[in-house]
Amino acid sequence: MRQIVLDTETTGLEHKLEHRIVEIAAVELCNRQFTGNHFHYFLNPERDSDEGALQVHGLTTEFLKDKPRFYEISKEFTSFINNAELIIHNAPFDVGFLNHELGLANLNTLDNYCLTVTDTLRLAKEFHPGKRNNLDALCERYNIDNSKRTLHGALLDAELLAEVYLAMTRGQESLLVELEYVELIQQQALSKLDNVNLKIIEATAEEYAQHLLILENISIESNNNCLWNRFERENSIDDKSMWGRK
C-alpha cells in the first residue's frame, strides 16, 4: 500500500481570494514504512504573503522570487502522488489550494490522480473528542519529537504528520493483522475439511414416512403454512430427493 503524507504553506487562508501555495512537501510510505522518497519545493506565488501567514512560515517574497512557479512542477507533483492515498491534516484546506493551483496549470483536480484522501484532523477528532488536535498537540500526545518545529515548514510537518498517523492508527494495524490471522486459520480448517470423507446416512422408509406425517400435522395446525412445504414448493424439490432417496 502506497501512501503520501502531504503538507503545504500558503500566502493566506483563502484560495478564493487568489492566495497561493509557497511551499509543498510530500513524504512516501509503503506498507506503513518510510521509503526515504519525498517531494519538496518552495514556490514563487507571484504575490506577497499576508502578515499572519508570514509569521507562521517565515517565507518572504524576497526568498521566494527566484523559486519555480507551481505550474512548472505540477507534472512532477501529479506523477509523485499518482495512485496513492493522500494523508493530510485538515485536508479540505490543502485540497482546496491544490485544486486551485492545478486549475491554474490547466490540469485536472486532485481526485483524478490520487486514490483517496485521508484527513488526519478528522481521525484525531474521532479518536480524541474534545481535545486539542493540532499537529503540536498530537506530537505531544504520541511522544513524537517536534522540537525542531519553530516555524511551520511543509517538509518537516509532513514528516511529523507521517509519524503521528502511524502512531494514531497502530491499533487499526493490529486489528487488521488479527483479522488476517483469523482468516488464515479458517482457510486452513476448511482445507482440512476438503480432505475428509463424510459418511452420508440416508433416511429409512419408516423415518421418511414419519417425516411426512409430522409435516402433515404441522400443515393442519398452521392452516397450511408449514414452512418446510413452502420451501420445497418454492425450490421445486421432491420430498424424496430431499432425503436422499431415489
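Readers should treat all values here as calculations from the given coordinates under stated rules, not as data from a laboratory. Keep in mind the model is a prediction, meaning the values are calculated, not measured. Here the Cβ positions follow ideal geometry from the backbone for every residue, glycine too, while neighbour counts run over all protein chains shown.
Here are the numbers:
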| item | result |
| --- | --- |
| Additional length obtainable on full extension of the chain from A203 to R122, 0.36 nm per residue less Cα span | 23.1 nm |
| Inter-probe distance in nm under a simple model that places probes 7 Å from Cα toward Cβ, at W228 and K75 | 7.4 nm |
| Shape of the stretch 48-128, Cα gyration tensor, a/c cut at 1.5 | oblate |
| Tensor-based shape of the stretch 1-72 (alpha-carbon gyration tensor, a/c under 1.5 rounded, otherwise prolate or oblate) | prolate |
| DSSP-defined antiparallel bridges as percent of all bridges, the stretch 26-174, nearest 5 | 50 percent |
| Virtual spin-label span in nm between N106 and T61, 7 Å along Cα→Cβ | 2.9 nm |
| Exposure proxy order (Cβ contacts within 10 Å, fewest to most) of C30, C226 | C30, C226 |
